[in-house]
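Written below as structure tokens is the structure these notes are about.
Derivation of every value follows stated rules applied to the coordinates shown; laboratory data play no part. In this text, all values refer to a predicted model and were calculated from it rather than measured experimentally. Cβ: placed from backbone, ideal geometry, glycine included. Neighbour counts: every protein chain shown.
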Amino acid sequence: MHILLTGGTGLIGRQLCRYWSGQGHRLTVWSRRAEKVATLCGAQVRGIARLEELGDEAVDVIVNLAGAPIADRPWTHRRKALLWSSRITLTETLLTWLENRGQKPSLLISGSAVGWYGDGGERELTEESPPVIDDFASQLCIAWEETAQRAEAMDIRVVLVRTGLVLSVEGGFLSRLLLPFKLGLGGPLGNGRQWMPWIHIDDQIALIDFLLHRDQASGPYNACAPKPVRNREFARTLGSVLHRPAFMPMPALALKIGLGEMSLLLLGGQRATPARLLEAGFSFRFTDLRAALDDLSGRL
């Protein structure tokens, strides 16, 4: 199978490339850093800087994960524009390229996030739940999904992966927490009651592969473990795994002053559950947060 990836040099993309290369699939990564693709993703993976480099080569599946990190820095007007263009504008470019091709893939797996729902409060959120649409992150995810779904007009099946907080030692939000926690400065954010829909990186890769091979899969899927936890419990469990205290709370006011609008990502949450994945028969390897962090602890 020939798989074209965007965002292939990111945390999830790199792992997918390694996994699918081992399965014998042919992989092409569209990247601004095409010359670094082989180093980051594996020697067998081809990097291209322009989609036109593919010429008339057949592409079976597109996995669209590209997007600038949403929590790297405060959401200035310039940063918001970058976050938007790296997702929506890039996906529009991908669709334009597809419209001009004779051969089209049968499937588009497109990235999204549980932030699609907005701050869900205490509501349990399945794929059937409506969004709150009360912040920029929600608006961004909604626009990203709506853009990707335009591929259906070209008879391309579209799967939307609403990813939670990915637990990995190679990057993501967990790597940003390690230093303060190792210094004994970790703790809950705000009141610590907000829900955190987490997922181990191994399950993230497994579920995307599961959806790739499930012929009837379409629409949104919550990519998070079946048991979300509150922020306070997450902090306490991470501290325990690292053998460090976790009682230094970060006041909500300090986060709002320091991060501005982006503080909504940390002070809000989603009690999201993977209802459609479970119904489809996907089996999570890690359903308990402590077990997931223990698995990673040797590399933390």
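Expressed in nm to one decimal, what extension gain is obtained for the pair residue 21 and residue 78 from 0.36 nm per residue of sequence separation less their Cα-Cα distance?
Details: separation 57, 0.36 × 57 = 20.52 nm, distance 3.67 nm.
Stretched out fully, the residue 21 to residue 78 stretch lengthens by 16.8 nm.
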Sequence of 6, 96, 147 once ranked by neighbouring C-beta atoms within 10 Å, starting from the fewest: 96, 147, 6
Full extension between residue 247 and residue 155 adds, at 0.36 nm per residue less the Cα distance, a length in nm of 27.8 nm
Over the alpha carbons of region 240-300, what is the largest minus smallest coordinate on each principal axis, giving the biggest first in Å? 44, 31, 17
Taking 35 Å as R0, compute the FRET efficiency from the Cβ-Cβ separation of residue 52 and residue 299 and round it to 0.05. 0.30
Relative to the chain, whose Cα atoms define the longest principal axis, helix 231-241 and its Cα axis are tilted in degrees, nearest 10, by 90
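Given the C-alpha atoms of the chain, compute the convex hull and give its volume per residue in Å³.
Working: hull volume 38.5 nm³, N = 300.
Value for the chain: 128 Å³ per residue.
Taking the number of other C-beta atoms within 10 Å as the exposure measure, put 134, 202 in order starting with the fewest. List each step's numbers first, then the result.
Working: 134 13, 202 18.
Listing 134, 202 from fewest to most nearby Cβ atoms yields 134, 202.
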For the chain, can you list the cysteines whose C-beta has no other cysteine C-beta under 4.7 Å from it? 141, 224
DSSP-defined antiparallel bridges as percent of all bridges, the chain, nearest 5: 5
What lysines does residue 256 reach when the alpha-carbon gap must be under 18 Å and sequence neighbours fewer than 8 apart in one chain are set aside? 80
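Pull out the extension gain between residue 123 and residue 39, defined as 0.36 nm times the separation in residues minus the alpha carbon to alpha carbon distance; nm, one decimal.
25.9 nm
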For a quick check: sort 31, 86 by the number of other beta carbons within 10 angstrom, fewest at the front. 86, 31
Over the alpha carbons of region 118-185, what is the largest minus smallest coordinate on each principal axis, giving the biggest first in Å? 52, 29, 20
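For region 94-230, build the convex hull from the C-alpha positions and give me its volume per residue in Å³.
Details: hull volume 18.8 nm³, N = 137.
So the per-residue hull volume is 137 Å³.
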Taking the chain and counting helices only, DSSP H stretches of n ≥ 4 at -39,500 (n - 2.57) each over all residues, the nearest-500 ellipticity at 222 nm comes to -10500 deg cm²/dmol
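In debye, nearest 20, what is the charge dipole magnitude of the chain about its Cα centre with +1 on Lys and Arg Cβ and -1 on Asp and Glu Cβ, if you could check? Display every interim value, and only then the final one.
Working: 34 positive and 31 negative charges, 230 e Å.
In debye, rounded to 20, the chain gives about 1100.
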